[in-house]
1. What's the extension gain from residue 404 to residue 169 if we count 0.36 nm per residue and subtract their Cα-Cα distance?
2. Assuming 1.567 mPa s and 4 °C, estimate D for region 303-409 with Stokes-Einstein, Rh taken as the Kirkwood radius over Cα pairs, in µm²/s.
3. With a ≥ b ≥ c taken as the square roots of the eigenvalues of the C-alpha gyration tensor of region 115-185, please select rounded if a/c is under 1.5 and otherwise prolate if a/b is larger than b/c or oblate if it is not?
4. Determine, for each peptide in 123-129, 193-199, the mean count of other beta carbons within 10 angstrom over its residues, then list the peptides with the highest first.
5. Would you please put 340-348, 227-235, 55-63 in order of how densely packed they are, using the mean number of other Cβ atoms within 10 angstrom per residue and starting with the highest?
6. How many angstrom lie between the Cα centre of region 148-217 and the Cα centre of region 76-108?
7. Add -39500 (n - 2.57) for each DSSP H run of 4 or more in the chain, then divide by its residues: what number comes out at 222 nm, to the nearest 500 deg cm²/dmol?
8. Any chance you could list the semi-axes, whole Å, largest first, of the equivalent ellipsoid that the Cα gyration tensor gives for the chain, using √(5λ)?
Amino acid sequence: MTGRPLALSSLRTIAIMATRIAVQGLTLILVTRLLGPTLYGGYIAAASLAVVMGLIPNLGSGYILMKRAASNPEAAGDVWSYGWPLTIGLGFLLSIAFPLIARPIAGGVLSITALAIIGAVELLISPLTLLLSFVLQAVGRVPTGQLLLTLPLFLRMCAATACLLFSGITATGFVITQAVAAAAGLMAALGITSSFVALSWKARRPSREELTSGSGYAAMHVVAANPTEFDKIVSPVLLDEHSAGIYSATSRIMNAVVMPMVGVLLAAQPRLFRHAADPTEGGRKLIATLGGLAAIWGLIGGVAMYGLSPVIPLMLGNQYSQAAKLMPFVALAAPFVSLRLAAGTILVALGHPLQRLQFELAGVVALGSLLTIGSRMAGPKGMAVGLSLAEFAMACYGWLLVRRALRNL
């Protein structure tokens, strides 16, 4: 992909990611108002845990697909033929165990039925949608691949709107509507993907090399998601239920702010994989550009969060008034999150998923310690400072590994 097509693809992807940010922002407003801080903290803790576990069922087949399609676009259908049965099998097993794992973390605010439904959505439905997105990205349709991930979010936003309009709906009822919306999104994703790629439904067994390589990518992906979700997962454990809900809502806003940078990285990913197979000076310049963009966007996002902090209670509701004072502390992490995501994406594309696993696993350990210390010293504000320090360390370590990878390449 030359510079002009890459730029156009990036712009289309960013436009879709901007739509996703708007959808996620509106959903956040709807759900926080619907559940309130006490219930929201437990719900997000369970949902975040499910999102992290939901990266396991594919067992890295999406990245195997991207890697092979970089040199042979026809490989997408072949990898799909073992990816979908693997996703369903592992997802089913994990969804059975999920309610028992999530019950202590959620703090008892959700029923076993609600937790089981959350598990089914994030461990079965969402992984299949993600795999379909990888298929489209691998054949060069990155914006359409991102559209597949945005559509279910839009449908879930519509479901949340309906729940808010009908007062008196239970938490379990809300979770059921989210499941129906996610299933409808998966059906649409199947239809869209089938119009571009011939999907083979004849299941085959993965080879030993596919399982080995895929497991490395899956482990990397799970660890990579942990820094983003870990603070929400442990917030009900480290804080009281009300404070946990406020912290989780504020942290969600920060995650949405860095989302456009994810769009740029996704658009550049196919070219990064080609650079790993056939290094060029243009590829090196692309990596340097991505690093600069990550730093700049993170700074812009952090400043925007700081400036908009007074209006947070107006958006989320008066019950979240403490979020206005918390937001400036959470905003400190935005530049480092953006840089960490860029470093991780580049390392994977250059063929070093285990190095990404290395620096983010070390970061999760540091994050756990810093969040615990911060929460004990200063509650939610202390957790936010601990998050920023851990993200700073991960960003520095990650870009050091990128520099080494480029030198070796």
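The values are calculated or read from the model by the stated rules, or taken from the named source; none is laboratory data. This is a predicted model, so every value here is computed, not measured. Positions of Cβ are backbone-derived with ideal geometry, glycine not excepted, and every protein chain shown enters the neighbour counts. Side chains are part of the model used for accessible areas, which takes the heavy atoms of the whole protein and leaves out ligands, DNA and RNA. Shrake-Rupley method; radii C 1.70, N 1.55, O 1.52, S 1.80 Å.
1. Gain on extension, residue 404 to residue 169, equals 79.2 nm.
2. Taking Rh from Cα pairs, D becomes 87 µm²/s.
3. Cα axes put region 115-185 in the oblate bin.
4. So the order, starting with the most tightly packed, is 123-129, 193-199.
5. Answer by packing, highest mean first, reads 340-348, 55-63, 227-235.
6. One Cα centre to the other: 13 Å.
7. Dividing the helical sum by the residues of the chain leaves -29500 deg cm²/dmol.
8. Whole-Å semi-axes of the equivalent ellipsoid: 32, 26, 20.
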